[in-house]
Amino acid sequence: MRLINQKPGPALAFFLAALPFVLLLIAYAIGSYYRLLENPNDKLLPAPSKVFETAQRLFTEGDRRTGRILLWHDTAASLRRLGIGVALCAFFGTVFGLLIGLLPYVRTTLAGFVAVISMIPPLALLPILFIMFGLGELSKVVLIVVGILPFMIRDLSGRVMEIPREQIVKAETLGASTWVIMLRVGLPQLMPRLIQAVRLSLGPAWLFLIAAEAIASDQGLGYRIFLVRRYLAMDVILTYVIWITLLAFIIDWLLKTLSRKAFPWAEANL
Amino acid sequence: MSFVVAENIFQSYGDRPILERVNLEVDEGEFISIVGASGCGKSTFLRLLLAQETPTHGTIRVDGNPPATEPGLERGVVFQRYSVFPHLTIRENIVAGEAFKRPWGRLFGAEAKAAQIRADATLARCGLDHVADQYPATLSGGMQQRLAIGQALTAKPRVLLLDEPFGALDPGTRLAMHDFLMELRAETGMTVFMVTHDLEEGFKLGDRVLVFDKPRWDPTHPEAFGATITYDFDARNGGIPFQTIKEDTHVLRPQ
Ligand SMILES: Nc1ncnc2c1ncn2[C@@H]1O[C@H](COP(=O)(O)OP(=O)(O)O)[C@@H](O)[C@H]1O
Ligand SMILES: [Mg+2]
């Protein structure tokens, strides 16, 4: 049988999917073991058991001074920034995506502009944002918006333009106004695409968030990682990295599930 | 005065002529079949009738009105594909035929209820009542086209335009669709234009069969000239006799 026609059974599939994770863990454990063998005080690759202990402590024990569990506060602060930034992008991305996708006048005016704006490396704008919006929450949210909104508008307007012309014409022959075509033909068909676009831009959104937090903040996941970097606290950094990865994975999974549940009609086409 | 009048239509894309000197008069309630070689401009002519495009020259009037500039309620359409809305259930697709002309594209309260009941009646007509709550993607090709026709008729157009509506269907389904379409047409008395690549279907359903072809042909530049109506057959009585050509053909008629 050809290789392209050979599929693993369920048990083997589970094993194969877990394999890279296990290999990575083993590779890390070996590396850590030999470094610690040479120098028990080595901080670069703490033993997995040490990371696990640190994680336990970070998740459950409060700060010595204030009693607050910093990890949860950092998580809340970061998720809030991320949520606000991504929600703003989703909203404006949808609005401009529909307008650019459906209205030739808006498309002529904005499509080129958005294409050029989306080429600006957002991190290069960070100093400007700090100067303009201060070092507070606003500049971090703005960085996320600046970073992913142009991409989202381009993606979503493209998706609107992919709606077959036949459907738009059909709606016209049923007497639909421009507004109704946007509301009842464009918008609902854009929704599953929007969720896809959000899933795709969450990666960059995290990047911009952590960058902004690293440079100027007093709490947040990115802030904490860069703070403890000074003490070479790899166990803390690793805990945070794994935690961020897990958060990102869960958010992505939630969005995927939402998309499947909320838009059953899109299953066949997506 | 005829119901649909096309006067001296030319249509070019860039400098490439597709249609030239198309003249046509159609009475209200006539069923016009349009046949012709693939790529000769049948769909283009339908888009012009629909007012999705405006011709380079010439005018198309319906019922003596000024030429339309965009598609509207007066003309319904069924394309070969993509005619129904994938994000609406079968029932919602039919209701859309009434609801989309409203300010919010929706009906509310008692009106919505009444429209749903009418939609269910339409679906029963189309043989789709058992799938009313499903989405179009789950339907077969024939069912989707029945839905598209039912949806178009819900908006009560005066002219119905069909672009190879049965082209993708298997022969059995196609025959059933013929009966379905003829019934609806007898009820509504609509004027119908149907593009088909199946001559037999054209003669069976149509009162007239128009043949689009290029009257002039430049062997070195096959694209130099556009197509026009070269034959206009009387196809009443089931197209018998097929041979009766209406005297007024447009073949090489001197200007
Ligand atoms: N929007 C357009 N722009 C440029 N050329 C087009 C356009 N639409 C159709 N054509 C060309 O016009 C010709 C006729 O197309 P069409 O009307 O779809 O033919 P038919 O329906 O008879 O097969 C084709 O050669 C096609 O490539
Ligand atoms: Mg065609």
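Note on chain A: GNM, Cα springs under 10 Å; of A:Ser118, A:Ser201, A:Ser49, the largest mean-square fluctuation is that of A:Ser49. Working from the Cα coordinates of chain A, the gyration tensor eigenvalues give, after taking √(5λ), semi-axes of 42, 27, 16 Å in decreasing order. Restricting attention to the protein assembly as shown, lysine pairs at least eight places apart or on different chains and with alpha-carbon atoms under 28 angstrom apart total 21. Mean per-residue shielding of peptide B:76-87 is 6, counting Cβ atoms of other chains within 10 Å of each Cβ. Seen from B:Phe79, the other residues with C-beta closer than 12 Å to its C-beta sum to a net charge of +1, counting Lys and Arg as +1 and Asp and Glu as -1. The amide H of A:Ile69, built 1.01 Å from its N in the peptide plane, has A:Asp63 as neighbours under 5 Å, considering only residues 5 or more places off or on other chains.
Each peptide among B:103-110, A:14-21 gets the average number of other Cβ atoms lying within 10 Å of its residues, and from highest to lowest they stand as B:103-110, A:14-21.
Starting from the Cα gyration tensor of the protein assembly as shown, take the square roots of the eigenvalues, sort them a ≥ b ≥ c, and report rounded, prolate or oblate (rounded when a/c is under 1.5, otherwise prolate if a/b is larger than b/c, else oblate). Because a/c hits 1.5 or more and a/b exceeds b/c, the protein assembly as shown counts as prolate. Farthest toward the dipole's positive end in the protein assembly as shown, which of B:Gly226, B:Ala132, A:Pro20, given Cβ charges of +1 (Lys, Arg) and -1 (Asp, Glu) about the Cα centre? My answer, from the dipole projection, is A:Pro20. Magnitude of the charge dipole for the range A:68-269, about its Cα centre and with charges confined to Cβ atoms of Lys, Arg (+1) and Asp, Glu (-1), is about 140 debye.
Using a 10 Å cut-off on Cβ atoms, rank the peptides A:204-215, A:83-94 from the highest mean neighbour count down.
A:204-215, A:83-94
Can you tell me the 0 to 90 degree angle between the C-alpha axis of helix A:104-117 and the longest principal axis of chain A, rounded to 10? With both axes taken from Cα atoms, the answer is about 20 degrees. Relative to the dominant Cα principal axis of chain B, helix B:109-126 is inclined by about 60°.
Restricted to Cα atoms, the range A:115-270 shows a radius of gyration and a Dmax of 20.0, 69 angstrom.
Charges were assigned to the Cβ only: +1 to each Lys and Arg, -1 to each Asp and Glu. The resulting dipole of the protein assembly as shown about its Cα centre is roughly 2260 debye.
Considering the options B:Thr191, B:Ile9, B:Ile90, tell which one lies farthest towards the positive end of the dipole of chain B, charges being +1 on Lys and Arg and -1 on Asp and Glu at the Cβ, about the Cα centre. It is B:Ile90, whose Cα lies furthest towards the positive end. Would you please state the base-10 log of I(q)/I(0) at q = 0.15, 0.30 1/Å for the range B:156-201, with intensities from the Debye formula using one equal scatterer on every alpha carbon? Log10 of I(q)/I(0), two decimals: -0.39, -1.23. Listed values for the range B:160-169 are Karplus-derived 3J(HN,Hα) couplings in whole Hz (6.51 cos²θ - 1.76 cosθ + 1.60, θ = phi - 60°), namely 10, 10, 10, 9, 6, x, 10, x, 9, 9, and x replaces Gly and Pro.
Taking amide hydrogens as placed 1.01 Å from N in the peptide plane, the amide H of B:Ala227 sits under 5 Å from those of B:Leu19, B:Glu20, each at least 5 positions away in sequence or on another chain. Work out the charge dipole of the protein assembly as shown with +1 on the Cβ of Lys and Arg and -1 on the Cβ of Asp and Glu about the Cα centre, then indicate which of A:Ser118, B:Pro66, A:Leu174 is farthest towards its positive end. About the Cα centre, the residue reaching furthest to the positive side is A:Ser118. Which of A:Trp179, A:Trp243, A:Trp72 moves most in a GNM of chain A, Cα contacts under 10 Å? Checking each option, the largest mean-square fluctuation is seen for A:Trp179.
When only the Cβ of Lys, Arg, Asp and Glu is charged (+1, +1, -1, -1), the dipole of chain B relative to its Cα centre reaches about 520 debye. Rounded to the nearest whole Hz, the Karplus-based 3J(HN,Hα) values (6.51 cos²θ - 1.76 cosθ + 1.60, θ = phi - 60°) of the range A:72-81 follow the sequence 5, 5, 4, 4, 4, 4, 5, 5, 5, 4, with x at glycine and proline. With one equal scatterer per alpha carbon and no solvent term, the Debye-computed log10 I(q)/I(0) for the range B:86-154 at 0.13, 0.16, 0.28 1/Å reads -0.31, -0.47, -1.31. The mean count of C-beta atoms from other chains within 10 Å of the C-beta of residues in B:48-54, rounded to a whole number, is 2. Annotation: the antiparallel percentage among DSSP beta bridges lying fully within chain B is about 50. Please find, in a Gaussian network model of chain A (springs between Cα atoms separated by less than 10 Å), the residue of A:Lys256, A:Lys170, A:Lys50 whose mean-square fluctuation is greatest. Highest fluctuation of the listed residues: A:Lys170. Residue by residue, the range A:194-209 carries 3J(HN,Hα) couplings of 4, 4, 4, 5, 4, 4, 5, 8, 5, x, x, 4, 4, 4, 5, 4 Hz when phi is fed to the Karplus relation 6.51 cos²θ - 1.76 cosθ + 1.60 (θ = phi - 60°); x denotes Gly or Pro.
Here, each number is a calculation from the coordinates, and none is a lab measurement. Bear in mind that the values here come from a model prediction, so they are computed numbers and not experimental data. Neighbour counts run over all protein chains shown; Cβ positions are idealised from the backbone, glycine included.
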